[in-house]
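A short worksheet on the structure shown next.
The values are calculated or read from the model by the stated rules, or taken from the named source; none is laboratory data. It should be emphasised that the depicted structure is a prediction, and the values quoted were computed from it without experimental measurement. When we count neighbours, we look across all protein chains shown, and the Cβ atoms used for this are built from the backbone with ideal geometry, even at glycine. Side chains included, ligands, DNA and RNA excluded: accessible areas come from the protein's heavy atoms. Shrake-Rupley method; radii C 1.70, N 1.55, O 1.52, S 1.80 Å.
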Amino acid sequence: MFFYLLRRLMLAASVMLLAISLLFCLVFLVPGDPASVALGPRASEAQKQALREHMGLDRPAVVQIARFIANVATGDLGEDVLTHRPVAQLIARALPNTLILALSAIAWAILLGIPLGCWAALRQNSLADRLIGLMSTSVIALPAFVVAIYALLIFAVTLKWFPAIGAGQRDDPVSQLNALVLPSLTVGLSWIGYLSRLVRASMLEVLKENHIRTYRAFGIGERLIAMRYALPIAVVPVVSVLGVGIGSLLSGAVLTEIVFARPGLGKLAFDSVISRNFPVVMGTVVVTSGFYVLANLIADLINTFLDPRVRQEL
């Protein structure tokens, strides 16, 4: 297990290095000069050149990449071009809102998607199974930003059940929870449908296994077989999918934060791209990539405990 964890950590570090390198290549391809944006149109060329030297933009790309990786290793993500505040401080303020949104979306998907998939599998080819399949396929096909806009118009503007924008009052948990319902459901809606279809297919496969037939031969009830013996095995693919799909959840959170004006990483990155604030853009992408790699690592470790076949291969 120790060597397996060591291999996964080395792979995670390699993925992060590749992500940072690709990020720098993309930043160099984006039009616009950060120095010109920061200083404004009236700045002289000497002032712009001085700022480029201060930011290290006058150095070769390889040197900039090596310097940035060394700074990231020490926790230094650079300095905001516009406010001259540490990028790590800006991200630390925005990160909790994004994490709460992503975890809430995952909670929606788990609490609704897994029971619906299990129910559909136990009632295969029934009317309930067909209705769940139709609804699941429909919500999977809906883009997150379309769901966000219609949820905003219906439940916030027309019905006035939930606030339209913001993350709620800082010292009021009820207000924060009320402001979280629509954005989290918007991000997690497609995953509710996806997990329900995945759990249904996995449950149907598990219910055909020989050990399930043995339980039936001993007279154990179908409900007990499904909940105690089939479902724990059927949810193993769900853990892997959620680990890989954290990137999709974060991308959906970006669009949702923009629509609902939530002060999270997505809105911070969007505003930074518009203003050509490259240090903040790179910092948010690095942190997002780190959480993506961490989620995959945690999913792999959970699978080793849930699935005995994986442990035997270690």
Q: Please find, in a Gaussian network model of the chain (springs between Cα atoms separated by less than 10 Å), the residue of Gly221, Gly78, Gly283 whose mean-square fluctuation is greatest.
A: Gly221
Q. Where in the range 163-240 are there chymotrypsin sites (Phe, Trp or Tyr not before Pro) that are in a DSSP coil and have at most 16 other Cβ atoms within 10 angstrom of their Cβ?
A. Phe218
Q: Counting helices only, and only those DSSP H runs with n ≥ 4, report the 222 nm mean residue ellipticity of the chain as the sum of -39,500 (n - 2.57) divided by its residues, in deg cm²/dmol to the nearest 500.
A: -23500 deg cm²/dmol
**Q.** Choice from Val187, Val206, Val147 with maximal GNM fluctuation in the chain (Cα, 10 Å cutoff)
**A.** Val206
Q.
Restricting the calculation to Cα positions, tell me the Rg (one decimal) and the Dmax (whole number) of the range 45-129 in Å.
A. 24.1, 74
(Q) Let me check against my output: what whole-number percent is the relative contact order of the range 139-268, with C-alpha pairs under 8 Å and at least 6 apart? (A) 32 percent
Q.
Quick check: the distance between the Cα centres of the range 207-228 and the range 110-152, to the nearest angstrom?
A. 26 Å
Q. Of the accessible area of the range 198-249, with the probe set at 1.4 angstrom, what percent is carbon plus sulfur?
A. 60 percent
Q. Ranked by accessible surface with a 1.4 Å probe, highest first, in what order do Thr137, Thr284 come?
A. Thr137, Thr284
Q: Would you work out which of Leu23, Phe145, Phe155 lies farthest towards the positive end of the dipole of the chain, given +1 charges on the beta-carbon of Lys and Arg and -1 on that of Asp and Glu, about the Cα centre?
A: Phe155
Q: Quick one: divide the alpha-carbon radius of gyration of the chain by 2.2 N^0.38 Å and tell me what you get.
A: 1.21
Q. Which of the peptides 109-118, 91-100 is most tightly packed, and how do the rest follow, judged by the mean count of other Cβ atoms within 10 Å per residue?
A. 109-118, 91-100
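Calculated FRET efficiency, Thr158 and Arg93, Cβ-Cβ r, R0 41 Å, to nearest 0.05?
Using R0 = 41 Å, I get an efficiency of 0.80.
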Q: List every residue whose amide H lies under 5 Å from the amide H of Glu79, counting only residues 5 or more places away in sequence or on a different chain, with H placed 1.01 Å from N in the peptide plane.
A: Val87
